[in-house]
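Take a look at the structure below.
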Amino acid sequence: MTLNIQTDPGIKSFSNNYNNFKRQNKLSNQLASAVGTTAGVLTSMAYVAKGKGIKTNGLLKNPKQAFKVFKNVEFNGKDVITIASSSVAGGLLGGVITDSNNTKSKLKETIVQLLGNYAIPTAFVSGGVKLNKLLNYKFNFPPVTKLIKFGFGMVSLIAGVMVGNRVSNKVTSAIFKEDDKRKLNWKDWAEQVDNVCLVTSLAANGTNLAKTASKVIPFALLLPGYSVGVSKD
């Protein structure tokens, strides 16, 4: 004897409609996060370029001209933090507008991205490269000094990511009154592409390699804002 249980058509229809709504909401959240992040990065890049004496009027309306202008810009640590902050702000805004139910999670991720993945690691990188330059101010043999400078930068980056994770966890716990420690994961390390490029740019300042590395930084800085925007509890 076979027991045949049929699902009520009304329940099945409701389930399908609910799943479609969830998919549409997820897509709108992803799209809004991407748009907000991109807008933040472009705006901050124009600000950074203007600070370096580059004319930016009308560039946002002319992508080809903007690309020609920005491709030769070399970014420093301060620039990276500025662009990352705008990326996160844009991603947070777009994410909250389309997914307000997970605002708390997005705010937590904002702290992690800004402090743990960018501000502190970037400050460590800049400090490490400057310390190396200070220690080797009398020794200047580019084939060797650039490699040593790169090594100082990479060690500083690893230390900065680890310290940044601890600091961001403490700040998050203090603000939200929760003992919910976020461990470093592969995404956190993957997001350090921009800082690896920053190390390369600072170590080989003025060379074609430095300019090439700087070109990657703005694209890499789209990641933190998007991560914030799509974050969920």
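So which residues in the range 153-188 are open to solvent by 40 Å² or more (accessible area, probe 1.4 Å), within 17 Å of V125 (Cβ to Cβ) and in contact with a Leu (Cβ under 7 Å, 6 or more places away or on another chain)?
The answer is V167, and nothing else.
Restricting the first residue to the range 81-97 and requiring it to be touching a residue at least 24 places away in the same chain (Cβ under 8 Å) and open to solvent by less than 10 Å² (accessible area, probe 1.4 Å), which pairs with a second residue that is basic (K, R) and in a helix (DSSP H, G or I) meet a Cβ separation below 9 Å and a spacing of at least six or different chains?
Taking only residues 6 or more apart or on different chains, the pairs are G91/K106; G95/K106.
Is the range 98-116 home to any residue that is open to solvent by less than 40 Å² (accessible area, probe 1.4 Å) and not in a helix (DSSP H, G or I)?
yes
The values are calculated or read from the model by the stated rules, or taken from the named source; none is laboratory data. Quick caveat, the model's predicted, so the values are computed rather than measured. All Cβ positions, glycine included, derive from the backbone under ideal geometry; neighbour counts span all protein chains shown. Heavy atoms of the whole protein, side chains included, go into the accessibility calculation; ligands, DNA and RNA do not. Shrake-Rupley method; radii C 1.70, N 1.55, O 1.52, S 1.80 Å.
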